[in-house]
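Each reported figure results from applying straightforward, stated rules to the coordinates on display, with no laboratory input. Note that the structure is a prediction, hence the values are computed from the model and not measured. With ideal geometry, Cβ positions are generated from the backbone for all residues, glycine too; neighbour counts draw on all protein chains shown.
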Amino acid sequence: MMAIAALAERLDTAQTSRVDTPSLADDHEIDIADAYAIQAELVARREARGERVVGVKLGLTSKAKMAQMGVSEVIAGRLTDAMRVADGGEVSLAGFIHPKVEPEVAYRLARDIDLADPAFDVEAAVDAMAPAIEIIDSRYRDFRFTHTDVVADNTSAAGFVLGPWRAFGEAANRAVRLRSGDREVIGSTSAILGDPVRALHALVELCRKRAIPLRAGQVVLAGAATEAVPFVPGVAEADIAGLGRVSVRGLA
Ligand code: OOG
Ligand code: MG
């Protein structure tokens, strides 16, 4: 595919100018390897502007999200320091196109993951977990995209908020609640591949295949347990039983 750089630029411009763009699939034939190459180029552009990759995220790890978006394959994207919002902090909604929030489980890597070692024990490399909110903001018109589109668009990554860290442990079967404006969604962490810890294994497999490095200190978002809801002015709050609470205020 010759158009990798041009398509990365198109998505980057959509993000920086907050003007959505039609599906790349409308006028390009893109396979999944091309899509990850476009994502890598997009992230490289952010790094060239001084941003630092501080984590990775999984997407579409729950049936609720697969059904909502019409895409049923697990995807991975990168998180940068510029996307991070402090717990209880504020963020201007004008910085996004059409943001939504999702309740997530976050894990923290204590060691680099050796992707070349098929027997590497990813769970042994995790030292902490936390409740989190992900802010997603597809650069595509009306949040409509194909599997390759959403991968190219860094899996709609736009922001993330981490609640208090606690020691890594069991996080399956926990009640999940998310509020934003007058919307409330409830679910269970078991919606995430049966157990959010499985997201770590899925992530390692994807990162090995797509050459996405996993480094000590990075945050991993396991994917939303419920459908996403619009991020509207006011407080969005997520609550995961036994993990705790996290919130962010969207400013009009
Ligand atoms: C794609 C990103 C999905 C998740 O947690 O499932 C995602 C999207 O829905 O725009 O982050
Ligand atoms: Mg997500």
Residue by residue through segment 114-126, the couplings from Karplus 6.51 cos²θ - 1.76 cosθ + 1.60 with θ = phi - 60°, in Hz, x for Gly and Pro, are 8, 5, 7, 9, x, 9, 4, 8, 5, 4, 5, 8, 9
Enumerate the calculated ³J(HN,Hα) couplings along segment 175-192 in order (Karplus 6.51 cos²θ - 1.76 cosθ + 1.60, θ = phi - 60°), each rounded to whole Hz, writing x wherever the residue is Gly or Pro.
5, 10, 9, 10, 10, 8, x, 9, 9, 9, 10, 10, x, 9, 5, 5, 5, 8
How charged is the neighbourhood of LEU11? Take every other residue with its Cβ under 10 Å from the Cβ of LEU11, and add Lys/Arg as +1 and Asp/Glu as -1.
-2
Between the alpha carbon centres of segment 47-96 and segment 236-252 the gap in Å comes to 15 Å
At what distance in angstrom do the alpha carbon centres of segment 121-137 and segment 200-233 lie from each other?
8 Å
Tabulate in residue order the Karplus-calculated ³J(HN,Hα) for segment 200-214, using 6.51 cos²θ - 1.76 cosθ + 1.60 with θ = phi - 60°, rounded to whole Hz; enter x for Gly and Pro.
5, 5, 4, 5, 4, 5, 5, 5, 5, 5, 9, 6, 9, x, 10
So what's the back-of-envelope 222 nm ellipticity for the chain, counting only DSSP H runs of four-plus at -39500 (n - 2.57) apiece and dividing by all residues, rounded to 500?
-7000 deg cm²/dmol
With a sphere of radius 10 Å drawn around the Cβ of MET69, what net charge do the other residues whose Cβ falls strictly inside it have (Lys, Arg +1; Asp, Glu -1)?
+1
How big is the Rg/Rh ratio for the chain, C-alpha atoms only, Rh by Kirkwood, two decimals?
0.94
Counted charge near CYS207, where neighbours are those whose Cβ lies closer than 14 Å (Asp, Glu -1; Lys, Arg +1)
+2
